[in-house]
1. Check V71, V59, V63 and return the single one that is assigned to a helix (DSSP H, G or I), surrounded by 12 or more Cβ atoms within 10 Å (Cβ to Cβ) and more than 11 Å from the chain's Cα centre (by Cα).
2. For region 87-110, does any single residue satisfy the condition of being at pLDDT 80 or above and in a strand (DSSP E or B)?
Amino acid sequence: MTSNFRLLIVDDDEETLFALKNYFVKKSYDTITASNGLEALKIIENSNDRFDILITDIVMPGVTGVALISVLKKKYPEMPVIAITETASTLKRWPAKPMRILSSRSQSSCQNSRSP
C-alpha cells in the first residue's frame, strides 16, 4: 500500500538514487526519481499531481540542484526541499546523522533521531 505522500528524488549517482528510492518505497511513500535536474524539471512540469517534498543532490552536471530548487520555489514556494550532496571530503568532515520525517502533508519537519 502506498501513502498519499509524494516524493521526488533527484540524484545523478545511481547507487544513491537506488538506495533512497528503496528506503522510501519500503516506507510506503509514492516515490518518483530523476537522474538529473533537467529530467526532474520535466517530471514536475508534466505531473498532474504535485509533490509533497523534493530531495535533491546539489552537485549534478547540467541543471544543478541549486538551479532546480530555484525554479521549483518560484512555482511551488511552499514545497519543502531537502538538499544533499556526497563527496569524500564531506563524508569525512560531516558524517550523516539519521533523520525521521515527523509530519504530514500539511506541515513538514525533520528531527534528528540521535543527539549530536
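The values are calculated or read from the model by the stated rules, or taken from the named source; none is laboratory data. Because the structure is a prediction, the values reported are computed rather than measured. FYI the Cβ positions are ideal-geometry reconstructions off the backbone, even for glycines, and counts take in every protein chain you see.
1. Of V71, V59, V63, the one residue that is assigned to a helix (DSSP H, G or I), surrounded by 12 or more Cβ atoms within 10 Å (Cβ to Cβ) and more than 11 Å from the chain's Cα centre (by Cα) is V71.
2. Initial filter on region 87-110 (at pLDDT 80 or above): none.
No, region 87-110 has no match at all.
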